[in-house]
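Visitor: Before we start, here is the structure in question, set down as structure tokens.
The values are calculated or read from the model by the stated rules, or taken from the named source; none is laboratory data. Only a predicted model underlies this, so the values are computations on that prediction, with no experimental measurement involved. Here the Cβ is made from the backbone with ideal geometry for all residues, glycine too, and neighbour counts use every protein chain on show. What goes into the accessible areas is simple: the full protein's heavy atoms, side chains included, and nothing from ligands, DNA or RNA. Shrake-Rupley method; radii C 1.70, N 1.55, O 1.52, S 1.80 Å.
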Amino acid sequence: MFGFSPDAWMAIELSLRVATVGTLVGLPIALVAAYALARWRFPGKIILDGILHLPLVLPPVVTGYFLLLTFGRQGLLGKELYDLFGITFSFRWTGAALACGVMGFPLMLRAIRLSFEAIDRRFETAAGTLGANPYWTFLVVTLPLALPGVLVGAILCFAKALGEFGATITFVSNIPGETQTIPSAIYTFTQVPGGESEALRLSCVSIAIAMVALILSEVLNRRIQRRIAVFE
């Protein structure tokens, strides 16, 4: 179908799964971290901010290597996870999702934090004067107002995860059907005779998926902005 080999189809399916899981798992963490960085004052805030954004500036291979040291079968946390719960990330698609999620996390965190910082605090104050507790205020006022930034952050993380290569191949290698995502498959096809056409088709698929995601995010963002304008 469409001229794709079985390995190419597996790479497409795996990339979508990895990017989706990495984004969904990282989203709640990004929400908490972004809110803390935007609203709270605590010692070491600047250091924490720098650590959370490190994957954005580090070479992806370095990030993948530290993931291997941490979550590998004999890693700092990986050994305990395997011995106690039988969970392993190295050379598994779950490890690819972890690597992609880590690489896309700073983009999602930054977008959500800026969205929280742009909210007019008077809306939250008004909710408090009407008897809403802080948790209810966050759910019905703060989070809906920050929703455009949350959406943009999630899309950016998904797009980054879809194109991640260096950290993934360093942490979980390039195993067809298990850890071989679209970028890894493109790299593999460019190394074998006659694989250029398959690499080109996968590149076009990658561009198409990214464009659909960006267009969808823009459409949803405009609808959310219109609803927020009515609310304000």
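Visitor: Cβ-Cβ below 8 Å, separation at least six or inter-chain, first residue in the stretch 185-196 and charged (D, E, K, R), second surrounded by 10 or more Cβ atoms within 10 Å (Cβ to Cβ): which pairs?
Guide: Glu196/Phe189; Glu196/Thr190
Visitor: Only one residue in Leu139, Leu202, Leu145 is more than 14 Å from the chain's Cα centre (by Cα), in contact (Cβ under 8 Å) with a residue 24 or more places away in the chain, part of a helix (DSSP H, G or I) and farther than 29 Å from Ala11 by Cβ, so which one is that? Before the answer, list the steps.
Guide: On the way: Leu139 fails: in contact (Cβ under 8 Å) with a residue 24 or more places away in the chain; Leu202 fails: farther than 29 Å from Ala11 by Cβ.
Only one candidate qualifies: Leu145.
Visitor: Name the residue that is farthest from Pro28 (Cα to Cα), counting only residues in the stretch 103-120 that are open to solvent by 40 Å² or more (accessible area, probe 1.4 Å) and hydrophobic (A, V, I, L, M, F, W, C). Give the derivation first.
Guide: Within the stretch 103-120, the subset open to solvent by 40 Å² or more (accessible area, probe 1.4 Å) is 107, 110, 114, 117-118, 120.
Next, only the ones that are hydrophobic (A, V, I, L, M, F, W, C) stay: 107, 114, 118.
Values: Leu107: 14, Leu114: 16, Ala118: 20 Å.
Across the stretch 103-120, the extreme among qualifying residues is Ala118.
Visitor: Then there's this: Which pairs turn up if I take residues in the stretch 25-47 that are hydrophobic (A, V, I, L, M, F, W, C) and look for partners that are loosely packed, with under 10 Cβ neighbours inside 10 Å with beta carbon separation below 9 Å, at least 6 apart in sequence or on another chain?
Guide: Ala36/Phe42
Visitor: Considering each of Phe2, Phe66 in turn, give the residue that is modelled with pLDDT under 90 and either assigned to a helix (DSSP H, G or I) or surrounded by fewer than 17 Cβ atoms within 10 Å (Cβ to Cβ) (or both).
Guide: Just one listed residue meets the conditions, Phe2.
Visitor: Out of (1) in a helix (DSSP H, G or I); (2) open to solvent by 40 Å² or more (accessible area, probe 1.4 Å); (3) of a type outside the set (Asp, Glu); (4) touching an Asp or Glu at 6+ places or on another chain (Cβ under 8 Å), what's the single condition that is false for Val219?
Guide: Of (1) in a helix (DSSP H, G or I); (2) open to solvent by 40 Å² or more (accessible area, probe 1.4 Å); (3) of a type outside the set (Asp, Glu); (4) touching an Asp or Glu at 6+ places or on another chain (Cβ under 8 Å), only one is false for Val219: (4).
Visitor: Looking at the stretch 34-45, is at least one residue farther than 30 Å from Ile224 by Cβ, open to solvent by less than 50 Å² (accessible area, probe 1.4 Å) and not in a helix (DSSP H, G or I)?
Guide: The answer is yes; a qualifying residue exists.
Visitor: Further question: Criterion first (within 15 Å of the chain's Cα centre (by Cα), part of a helix (DSSP H, G or I) and not charged (D, E, K, R)) does Ala161 satisfy it? Full working, then the answer.
Guide: Working: within 15 Å of the chain's Cα centre (by Cα): yes; part of a helix (DSSP H, G or I): yes; not charged (D, E, K, R): yes.
Yes.
Visitor: Within the stretch 166-178, is there a residue that is surrounded by 21 or more Cβ atoms within 10 Å (Cβ to Cβ), in contact (Cβ under 8 Å) with a residue 60 or more places away in the chain, closer than 15 Å to Leu16 by Cβ and not small (Gly, Ala, Ser)?
Guide: Yes, the conditions are met somewhere in the stretch 166-178.
Visitor: Does Leu52 satisfy the criteria of being open to solvent by less than 30 Å² (accessible area, probe 1.4 Å) and in contact (Cβ under 8 Å) with a residue 12 or more places away in the chain?
Guide: no
Visitor: Need the failing condition index for Val192 against (1) modelled with pLDDT of 90 or more; (2) among the β-branched types (Val, Ile, Thr); (3) not in a helix (DSSP H, G or I), just the number.
Guide: The number of the failed condition is (1).
Visitor: Also, I was wondering about something else. Restricting to the stretch 80-94, and then to whatever is open to solvent by less than 90 Å² (accessible area, probe 1.4 Å) and assigned to a loop (DSSP other than H, G, I, E, B), can you tell me which residue is modelled with the highest pLDDT?
Guide: Phe89
Visitor: Pick from Glu117, Glu124: which is in contact (Cβ under 8 Å) with a residue 24 or more places away in the chain and among the acidic types (Asp, Glu)?
Guide: The conditions single out Glu117.
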